[in-house]
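The values are calculated or read from the model by the stated rules, or taken from the named source; none is laboratory data. What you see is a predicted model, and the numbers here were worked out from it, not measured in a lab. Cβ: placed from backbone, ideal geometry, glycine included. Neighbour counts: every protein chain shown.
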2 protein chains.
Amino acid sequence: MKTQQTAEGGARPAGRPRSEKAERSIIEATLELLGEGIGVSELSIESIAGRAGVGKTTIYRRWSNKEDLVVDALATLKPPIPLPQGGTVRDDLVTYLRVIQEESRHHRTRCIMNIAMSDSERHPRLTERFRELAVEPRRAVVAAVLHRGMKTGELRADLDVDMALALLSGAMIWLTKWSHSGDYQPDLPERIVDEALKGFRPRPVTAEA
Amino acid sequence: MKTQQTAEGGARPAGRPRSEKAERSIIEATLELLGEGIGVSELSIESIAGRAGVGKTTIYRRWSNKEDLVVDALATLKPPIPLPQGGTVRDDLVTYLRVIQEESRHHRTRCIMNIAMSDSERHPRLTERFRELAVEPRRAVVAAVLHRGMKTGELRADLDVDMALALLSGAMIWLTKWSHSGDYQPDLPERIVDEALKGFRPRPVTAEA
DNA sequence: TGATTATGAAACGGTCCTGTTGCGTATCGG
DNA sequence: CCGATACGCAACAGGACCGTTTCATAATCA
């Protein structure tokens, strides 16, 4: 994914090798700045170089443009929290939403998410990268949980998995963004899941809670 | 909401009055540029002046900073489409989601929405303004539809209205943004509403469709 | 050692924008 | 008519950043 690569295999190209430390500093500085609310378009190479304690030359030598750098920076984000996957389907879904909620409270995650959400027009590659790194893995995990529920009978057998994921995730994001009381509501995940489950459950439901 | 105002009441302050036409041109140019994907931070007074066929002075005379201008520009956006409110609750909800879907296909609306969604950290006033202008009116309309359904028995009597709105709107936005096939899916509103309704309906449901 | 490449720092000319000022003209009230 | 204010336009100094180049220094290989 690097824009310019030198060593490839065993043949070292002679001369001083590129500093891995500098590379890490650059990417870390990039993520820091993005995490502080700087948008991609305002992000300047000079500010990154300054933050990383690195000459501009060192950056330009490795990435030919800003977007490539940001793409590589996003690539270093680990897919965080693989979800417990232990209890009932309801519990797993609540846990999933709680992770989203918790992340949206941290500056860094929230800003990076904003970038992915907003810059899809001008930076489609960033959005696609974010989808691969953050959205898709979670979609897969939640889809597995839902399928498990459909097998055990805890959920409708004809449930539309993608639709269910959209309802849950979308509601969480919507409420976090537009809830009149922007406060932190610890019971939000439970409320969303319970409200949604009434549609996910098989029709002949009898008991509640 | 204007930053600097002169005339106030009957006493005109003497001299040539400010051109209403210029003012409209400025705001229109601002909305145009935002609609073309320019972010708030990249939006320059010079580009607005150029687009509007106006001197920079004319802009600086009225607004002391860019954010005030954008706020005023957003304020001119009409709350579009008051929703038919005629048929069944299901039909009204489908119509509501169809409006969202249709808007998200138009550049202008989508870009302005992106601004509201993304710049909430750095431009809280813009986000708040957008909430007042775009989110809240619709929330009210949909809430009325839902309450009607709760009275007629088409919906559960203990439905959480805000949660229902979040599930519907959130799912629509989520799918529009992250759906693997980014194509236009005309049946999306129906699918979302029908999937959600299974949770909105009163429990002792018997027949389907 | 010497050839080679990378590094941080600094300086470069260039672009774009800022917010202000001056200018000649246009439009109001009196 | 006059005074006052707004208009579009051009110019200004100042700043941020671009992408490139130069330079002395550092790290690696043969």
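Taking first residues from segment B:73-101 that are closer than 18 Å to B:L167 by Cβ and partners that are outside any helix (DSSP H, G or I) and among the acidic types (D, E), the Cβ contacts under 7 Å between residues at least 6 apart in sequence or on separate chains come to B:V89/B:E154. Count of segment A:128-155 residues, restricted to those that are surrounded by 16 or more Cβ atoms within 10 Å (Cβ to Cβ) and within 12 Å of another protein chain (Cβ to nearest Cβ), is 7.
Restricting segment A:72-120 to residues that are at pLDDT 80 or above and polar (S, T, N, Q) leaves a set whose member that is nearest to A:V193 (Cα to Cα) is A:T95. Looking only at residues of segment A:154-198 that are under 23 Å from A:M117 (Cβ atoms) and in a loop (DSSP other than H, G, I, E, B), we find that the one that is modelled with the highest pLDDT is A:Q185. Identify all residues within segment A:61-76 that are over 22 Å from A:E121 (Cβ atoms) and either assigned by TED's automatic domain parsing to the domain that holds A:E132 or within 18 Å of the chain's Cα centre (by Cα) (or both); write none if there are none. Within segment A:61-76, A:T76 is the sole residue that qualifies. For the residues A:Y60, A:Y96, the requirement of being within 16 Å of DNA strand C (Cβ to nearest atom) and either in contact with a helix residue (DSSP H, G or I) (Cβ under 8 Å, 6 or more places away or on another chain) or not basic (K, R) (or both) singles out A:Y60. Restricting attention to segment B:156-176, the residues that are more than 7 Å from chain A (Cβ to nearest Cβ), surrounded by fewer than 23 Cβ atoms within 10 Å (Cβ to Cβ) and not β-branched (V, I, T) add up to 5. Right, B:L69: crowded, with 18+ Cβ neighbours inside 10 Å and either farther than 30 Å from B:Y184 by Cβ or in contact (Cβ under 8 Å) with a residue 60 or more places away in the chain (or both) or not? The answer is yes for B:L69.
The condition of being within 9 Å of chain B (Cβ to nearest Cβ), more than 25 Å from B:P189 (Cβ to Cβ) and touching a residue at least 12 places away in the same chain (Cβ under 8 Å) holds for A:R122. Checked against (1) in contact with a helix residue (DSSP H, G or I) (Cβ under 8 Å, 6 or more places away or on another chain); (2) farther than 30 Å from A:R156 by Cα; (3) not in a helix (DSSP H, G or I), A:N114 meets all criteria but (3). Let me spell it out: the conditions are (1) assigned to a helix (DSSP H, G or I); (2) within 16 Å of DNA strand C (Cβ to nearest atom); (3) closer than 27 Å to A:C111 by Cβ, and B:T109 meets all of them except one. Which number is the exception? Unmet for B:T109, out of (1) assigned to a helix (DSSP H, G or I); (2) within 16 Å of DNA strand C (Cβ to nearest atom); (3) closer than 27 Å to A:C111 by Cβ: (2). Just to be sure I understand, how many residues within segment B:43-70 are more than 14 Å from chain A (Cβ to nearest Cβ), more than 12 Å from DNA strand D (Cβ to nearest atom) and not in a helix (DSSP H, G or I)? Within segment B:43-70, residues that are more than 14 Å from chain A (Cβ to nearest Cβ), more than 12 Å from DNA strand D (Cβ to nearest atom) and not in a helix (DSSP H, G or I) number 2.
All of B:A75, B:A49, B:A29 fail the test of being exposed (fewer than 15 other Cβ atoms within 10 Å of the Cβ) and not acidic (D, E), apart from B:A75. Scanning segment B:107-121 finds one or more residues that are within 17 Å of the chain's Cα centre (by Cα), in the same structural domain as B:R148 (by TED's automatic domain parsing), closer than 20 Å to A:G39 by Cα and among the hydroxyl-bearing types (S, T, Y). Restricted to segment B:63-93, and to residues that are under 23 Å from B:I38 (Cβ atoms) and β-branched (V, I, T), which residue is nearest to DNA strand C (Cβ to nearest atom)? Once the filter is applied, the top-ranked residue is B:V70. In segment B:22-42, which residue that is among the acidic types (D, E) and assigned to a helix (DSSP H, G or I) is farthest from DNA strand D (Cβ to nearest atom)? If we take residues in segment B:22-42 being among the acidic types (D, E) and assigned to a helix (DSSP H, G or I), then B:E32 is farthest from DNA strand D (Cβ to nearest atom).
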